[in-house]
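Every number in this text was worked out from the coordinates using simple rules, so none of it is lab data. From a predicted model like this one, the values you see are computed outputs, not experimental measurements. Note: ideal-geometry Cβ built from the backbone for every residue, glycine included; neighbour counts use all protein chains shown.
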Amino acid sequence: MNKSTKMLTRAGVIAALYVALTFVTLPVASGAIQFRPGEALTVLPLLFAESVPAVFFGCLIANLITGTAVQDIVFGSLVTLLAAACTYLCGKTLKNKWTKALVGGIFPVVFNAFFLPLIWLWAYGALEFAYIVQAAFLLLSQGAAVYALGVPLYFSLRKAQEKYPAVFGTQVSGKTAKKQKI
């Protein structure tokens, strides 16, 4: 399998996982107080460039499924894209794996916490909760998804990259992965 096919396949799986994880947690995956386990996937740009558009499209489709307002579908998904791009750049810039995980996770947590309540105010008018309360809930729920679920996922996949470079076809720790036939 060539590199572009692997990347496209991986992007499709990431987007589908985001949607599936949102769908199975639908009662709490949308609304003023929400928790999306799929947000754990927002750390994947630290490892895979193709996960930047993947989490964007996964979020876009998930927002369509949850029946949110057009502003939330479009701009909420764009917030995810911006956070993913910043996480990717963090992964390219920082060298220490722990620093990458801790700093890279900040973008999806903070961007969602501060921008989503503004988008919701625009889309829905009066908020059920004050902006600061919604931002606080999002900081907590995003932080849980990213740091409790996403960071362990990051370290697991990073270890798998080192152990199975032919499967991932990527660079790990500055060493070029050997091309192997599976």
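Condition first: crowded, with 16+ Cβ neighbours inside 10 Å and not polar (S, T, N, Q). Now tell me which residues in region 86-96 satisfy that. Please lay out each step first, then the result.
The initial filter retains those residues of region 86-96 that are crowded, with 16+ Cβ neighbours inside 10 Å, namely 86-88, 90-91, 94.
Of everything in region 86-96, those that are crowded, with 16+ Cβ neighbours inside 10 Å and not polar (S, T, N, Q) turn out to be Cys86, Tyr88, Cys90, Gly91, Leu94.
Can you tell me which residue is farthest from the chain's Cα centre (by Cα) among those in region 10-24 that are touching a residue at least 24 places away in the same chain (Cβ under 8 Å) and over 16 Å from Ser51 (Cα atoms)? This residue is Phe23. Taken together, the residues in region 1-53 that are outside any helix (DSSP H, G or I) and touching a helix residue (DSSP H, G or I) at 6+ places or on another chain (Cβ under 9 Å) amount to 12. Selection over region 149-167 of residues that are in a helix (DSSP H, G or I) and more than 20 Å from Thr99 (Cβ to Cβ) gives a count of 5.
When restricted to residues that are buried (at least 21 other Cβ atoms within 10 Å of the Cβ) and hydrophobic (A, V, I, L, M, F, W, C), region 20-59 contains 11. Exactly one residue out of Ile132, Ile119, Ile106, Ile73 is touching a Phe, Trp or Tyr at 6+ places or on another chain (Cβ under 6 Å) and either surrounded by 15 or more Cβ atoms within 10 Å (Cβ to Cβ) or on the phi < 0 side of the Ramachandran plot (or both): that is Ile119.
Can you report the number of residues in region 76-85 which are buried (at least 20 other Cβ atoms within 10 Å of the Cβ), of a type in the set (A, V, I, L, M, F, W, C) and in contact with a Phe, Trp or Tyr (Cβ under 6 Å, 6 or more places away or on another chain)?
Looking only at that region, the number is 2.
With respect to the stated conditions, Phe56 is in contact with a helix residue (DSSP H, G or I) (Cβ under 8 Å, 6 or more places away or on another chain), under 20 Å from Thr22 (Cα atoms) and outside any loop (DSSP other than H, G, I, E, B).
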